[in-house]
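Data first, discussion second: the structure below is written as structure tokens.
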Amino acid sequence: MAEPTHEPQAKADEAQAEADETQAKPNEAQAEADEPRVGVYVCYCGGNISDVVDVEAVAAEAAKLPGVVTAKTNMFMCSDPGQQVIADDIAELGVNRVVVASCAPSLHQTTFQGVLERSGLNPYLYENANIREQVSWTHHDRAEATKKASALVSAAVAKASRLEPLEPVEIPAAPAVAVVGGGVAGLRAATDLAKAGLAVTLIEKELTLGGTVARLDNLFPYSEPAEDVLCRLCEEALADPRITVHTGTVVESVEGYVGAFTLHLEQQARGRTVEATPDADSREITSLDWRCEAFRGYGPGEAFADEPVAADDAARALSVPVGAIVAATGFDLYVPPEGEYGYGRLPQVITLLDFIEWLSKQPEGSVPTFNGQPVRAVGFIHCVGSRQVEGVHEPGPNGRINEHCSRVCCTATLHCACDLRDKFPDVVAYEFYQDIRAYGRGHEEHYDRASLANVIFLQYDGAQPPKVVAGEGDDHPVLVSCLDGLTWGEEVEVGVDLLVLAVGMVAADVGNLATSLKLPVSADGFLQEVHPKLRPVEQAVNGVLLAGTCQAPKDVTESCASASAAAAKAYGLLASGEVKLDPYVAHVDPELCEGHAACVEECPVDRAIAMEDYPDGSRKAMVNPAICTGCGACVAVCPTQAIDLSGWTLEAYEAMVDALLLSHSEVSAL
Amino acid sequence: MNAVHYDTLIIGGGIAGLQAALDLADQGREVLIVERQPSIGGAMIGLSKVFPTLDCSSCITTPKMAAAAHHHRITIFSYSEVEDLTPHEGGYTGTVRRKARFVDEAACIGCRQCEYACPCEVPDEFEGGLGARRAAYVPFGNAIPQVALIDMASCTLCGRCAQVCPKDCIVYDQQDELVPVDVAHVIVATGWQLTSAASKAEYGGAAIANVLSPLTMERLLAPHGPYGHVVRPADGKEPASIAWVQCAGSRDKSLGVPYCSRVCCMYAIKQAMLTSGSLPFADLTIYYMDIRAFGKGYEEFYRSAKAMGIEFVKAKVGRLEEAADRSVDVHIENINDRGQSEVRNHDMVVLSLGMAAVPDTRELLPLAIGDDGFIDVPHPKDAPCRTSLPHVCVAGTASAPMDIVDAIAEASAAAMEVCREGDRG
């Protein structure tokens, strides 16, 4: 075998060598070298499958297949009693290959592999037949669905009979995490991980930390100053020597895999002097302007230096090796296209964030003014850029409408209207809404408070949004009208001096982080979790976790909770210092390899396969199992069939196709 | 008896407690889960399917239950309660009462022979009282542990279970066992309870047979539920029209529940969708004040319900009355129709009851409790799981009503909070 070139490669090679050894050498201790004895387990899924598929018939058909020693059904195979059925059969019937016909393997493959492992079988002697997503959820005809389920089971049995024991690829994991985004979620995740003992690199594209929350005055529902929350988080992050903060920095590219990612960063030239850490004594300065300046940038080694950064520093590139990545990239505020509710045309039409800043600057005890004009009435329109309706709203720059609810705007708007009425009791407030979604603890109280403070509510239908026109010669510069559901559809028009649009949250461009790693996104454009309940903060790309609003609209509480959850997962992943990867990767038979290098040319992944010099002077292909994604492109082009995929061999594929064709011909003959 | 040491005690083995336990155990910590019921799984294991993915609830809950049960760092005391907790050397000491099952838990193999032999039938609480169970029973099919217990309040001591038990594990004179424990951290994951239907006289005070609690409706909708089909509990008739009354236990000062329970809009929409699958010709109506479909994918879910033909009527239901044919007259003020008072008749009505706090931990720990009965935290924005007491965190609905997605996220966050506190020192 070739000399290792660098450390991870060497480990990976060792793992490959071990894997090869395991595959080459029959393991006497285990039954898998014996004749395959397949157990087939068909799940009712509590009706999810059995409502459409005759589960008992599928099991009866499976029992007739060659190599199958038992075929059983259970209401929930994934439940403990269901798992016990498999464990018992392994112990008592000598079952040594397991096929579970149930939901998609993404849900419970690891659950069932765990049963094999606990029962002393190699977990890779497991095969799934997906008869829920691919059969019962997509077909209605019971007879046809049952036949298709049987066909898929027969293919799975054919494959299972040819499975060989495999060992996971074990790679060392760097005890370090990159947190991308320095808002509340990123700060919270960073401090959690540092407290747990991991090295954290916190990357923020702006020059200041704090994200959108730095632009808020106080936070619903308890009116806690945003500054207090941010100061707590920033002070802890900046004081922790395990956290390195890079502001004004973007991710240029990411390479590698879980346990061994490398982030290539570009830090912009600051061209400005930064001052010392904000401390408790400087808190008398509480304006929003101050805060935007306060949570400013630090580079490595600079966080505790008293010396300000030189004003003439240059842009520079950095590379950071980490074991996991927490995406805390936040959201964008919806920007109304020019003319939506008069935005961009009438100067008195502003967003909720603008309003918060405006209100914080109005001196108490006087008539508030906007652009020098007195403000006596303020309108708030909910759901701007959220809950959009096809055919009513124009698609945004991304070509789609925002069907989603932005979750925070209702309570935020109620909170603002209450603050306005508290500060200026003579100013009239109108809220144009669809449903008031004051869902969280302490939120409904603001709805109550707003009602008691005589905020006037008008309810519109999402398909008929309010109309906004300039008030010409009127008492007020802006006129808002809608068909008000609360007065049973009456057309109501009110004049306001300021119209506030409660703009929603839309998915932010995650940039090169997303493109480098090909991170999946949901239909709403936000980053997609693996499963909202089973793996709510994990991305399909192993080692990438989701914190805060990059996943979906959330308030500060929910962002911090999800950030801590992401930190918990990252820590759990890296705590042992080692990451185990599935061994479904290519392997080369050096006996057959003639050094054509067609595989290297075909391989879509950098460094996954390369030609190595052998001691006998020949050159043969070698796979790095940590990088290989198991796509199989190399298998298809190898002229000598020297490459195959562990766990997905050509022979197994052929057997599956044969089994499917056989059941198809039987189905057709019926 | 020497105290048994664990890193973290988790009070409550519902979905939040289980998730927190799994995260902590994966970090290398020894965890004890104390669950009051005879099985772990909490409220979630009794649900039919869950919004917005319509995954069957069991498919999501049972693997987490099994993973916790099989984890070598997790110990589960089911049918047990924490009796007391006292601060001790940077942690807590306390006592766990392991209630007598009248079955030798270690020897029982869950074969259910005792259950089949038992002559006493009582309403099955897992099925919302719709089915019957025996006095000697395994709580439900997916229960963990798969161990029988005897409900002594219903048992006649006839001795048949002991005769048939192949492992001789029926112990009629078994006593509660008190286990002293010593832990570094505590996570309170005691969950929630339904708001009271009985206290709302206008809705029949829980006395109208065809006015259902939402959890009973979940069991009717579960394919493995008591009837395997949606029928009226009063007479077994297939309902041709079903209504859901939103905010039946929430946003109602007369009930002492002024807050929003956060999950009822979505579960009602989900139940209506599932009903439309099993009874495609039934008329389905949801009476609501505001539809609060705020989570990821929820608004989209709401829209597909509307597209399926489920009728949403903006109206506060004033009164429910039982009609002569045991159907239900629903008195509404219809905001969609000029605020007219109307009486609409439905074969069956589901009350969308809310989430109320459980009093469990108040005597155990001097935690700050809000007016709503839920646990207060000093920094709700940036540390939602950190309580007013050192070494005590809160996970899931013990701190506020929340849905499963949010409860799971908070549970993992609570595990991280424990990790931040570090080891006992």
request  = Look through segment A:579-604, keep the residues that are open to solvent by 60 Å² or more (accessible area, probe 1.4 Å) and touching a Pro at 6+ places or on another chain (Cβ under 8 Å), and return whichever of them is nearest to the other protein chains (Cβ to nearest Cβ).
outcome  = A:LYS580
message = Could you tell me how many of the residues in segment A:215-232 are touching a Leu at 6+ places or on another chain (Cβ under 7 Å), within 17 Å of A:VAL408 (Cα to Cα) and open to solvent by less than 20 Å² (accessible area, probe 1.4 Å)?
response = 1
key: Long-range neighbours under 7 Å by Cβ, at least six apart or interchain, first residue more than 14 Å from chain B (Cβ to nearest Cβ) within segment A:194-211, second hydroxyl-bearing (Ser, Thr, Tyr) and in a loop (DSSP other than H, G, I, E, B)   = A:GLU204/A:THR247; A:GLU206/A:THR247; A:LEU207/A:THR247; A:THR208/A:THR247
request  = Among the residues of segment A:436-466, write down those that are part of a helix (DSSP H, G or I) and of a type in the set (Ser, Thr, Tyr).
outcome  = A:TYR447, A:SER451
query = Going by the structure shown, is B:GLY41 in a loop (DSSP other than H, G, I, E, B), within 13 Å of chain A (Cβ to nearest Cβ) and within 23 Å of B:ALA135 (Cα to Cα)?
reply = yes
inquiry  = Scan segment A:570-577 and tell me whether some residue there is surrounded by 19 or more Cβ atoms within 10 Å (Cβ to Cβ) and of a type in the set (Gly, Ala, Ser).
reply    = yes
key: Residue identified as over 21 Å from A:VAL335 (Cβ atoms), of a type in the set (Ser, Thr, Tyr) and in contact (Cβ under 8 Å) with a residue 12 or more places away in the chain among A:SER481, A:SER451   = A:SER481
inquiry  = Among the residues of segment A:315-336, are any in contact (Cβ under 8 Å) with a residue 12 or more places away in the chain and on the phi > 0 side of the Ramachandran plot?
reply    = yes
note = When segment B:271-297 is checked residue by residue, the ones that are under 23 Å from A:GLY440 (Cα atoms) and either within 13 Å of another protein chain (Cβ to nearest Cβ) or aromatic (Phe, Trp, Tyr) (or both) are B:ILE286, B:TYR287, B:TYR288, B:MET289, B:ASP290, B:ILE291, B:ARG292, B:ALA293, B:PHE294, B:GLY295, B:LYS296, B:GLY297
key: Tally, over segment A:420-435, of residues that are part of a helix (DSSP H, G or I), open to solvent by 20 Å² or more (accessible area, probe 1.4 Å) and within 12 Å of A:VAL378 (Cβ to Cβ)   = 2
ask   = So, in segment B:403-425, of the ones that are open to solvent by 10 Å² or more (accessible area, probe 1.4 Å) and at the interface with chain A (Cβ under 8 Å from one of its Cβ atoms), which residue ends up nearest to A:SER562 (Cα to Cα)?
value = B:ALA409
key: Criterion: assigned to a loop (DSSP other than H, G, I, E, B), closer than 30 Å to B:VAL405 by Cα, in contact (Cβ under 8 Å) with a residue 24 or more places away in the chain and within 14 Å of chain B (Cβ to nearest Cβ) - qualifying residue of A:SER576, A:SER564   = A:SER576
ask   = Can you name every residue in segment B:159-178 that is farther than 22 Å from A:PRO81 by Cβ, open to solvent by less than 60 Å² (accessible area, probe 1.4 Å) and part of a loop (DSSP other than H, G, I, E, B)?
value = B:GLY159, B:VAL171, B:GLN174
message = Looking at A:GLY511 and the list (1) within 14 Å of chain B (Cβ to nearest Cβ); (2) open to solvent by 20 Å² or more (accessible area, probe 1.4 Å); (3) at positive phi; (4) small (Gly, Ala, Ser), which single condition is not satisfied?
response = (1)
inquiry  = Just to check your reading of the model, which residue among A:ALA417, A:ALA470 is in contact with a strand residue (DSSP E or B) (Cβ under 8 Å, 6 or more places away or on another chain) and buried (at least 20 other Cβ atoms within 10 Å of the Cβ)?
reply    = A:ALA417
inquiry  = If I filter segment A:39-91 down to residues being charged (D, E, K, R) and either outside any helix (DSSP H, G or I) or away from chain B (no Cβ under 14 Å) (or both), which single residue comes out as least open to solvent (accessible area, probe 1.4 Å)?
reply    = A:ASP89
ask   = Across segment A:92-107, what is the total count of residues that are assigned to a helix (DSSP H, G or I) and over 20 Å from A:THR70 (Cβ atoms)?
value = 3
query = Which condition number in (1) crowded, with 22+ Cβ neighbours inside 10 Å; (2) more than 33 Å from the chain's Cα centre (by Cα); (3) not polar (S, T, N, Q) is the one that A:HIS382 fails?
reply = (2)
ask   = Listed residues A:ARG387, A:ARG376; which is crowded, with 23+ Cβ neighbours inside 10 Å and not assigned by TED's automatic domain parsing to the domain that holds A:LEU263?
value = A:ARG387
inquiry  = Just the residues that are within 14 Å of chain A (Cβ to nearest Cβ), open to solvent by 80 Å² or more (accessible area, probe 1.4 Å) and either in contact with a Lys or Arg (Cβ under 6 Å, 6 or more places away or on another chain) or of a type outside the set (S, T, N, Q) (or both), please, taken from segment B:298-355.
reply    = B:LYS306, B:ALA307, B:GLU333, B:ASN336, B:ARG338
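The values are calculated or read from the model by the stated rules, or taken from the named source; none is laboratory data. This structure is a prediction, so every number in the text was calculated from the model and none was measured. As a convention, Cβ positions derive from the backbone with ideal geometry for all residues, glycine included, and neighbour counts pool all protein chains shown. In case anyone asks, the SASA skips ligands and DNA or RNA and just uses the protein heavy atoms, side chains included. Shrake-Rupley method; radii C 1.70, N 1.55, O 1.52, S 1.80 Å.
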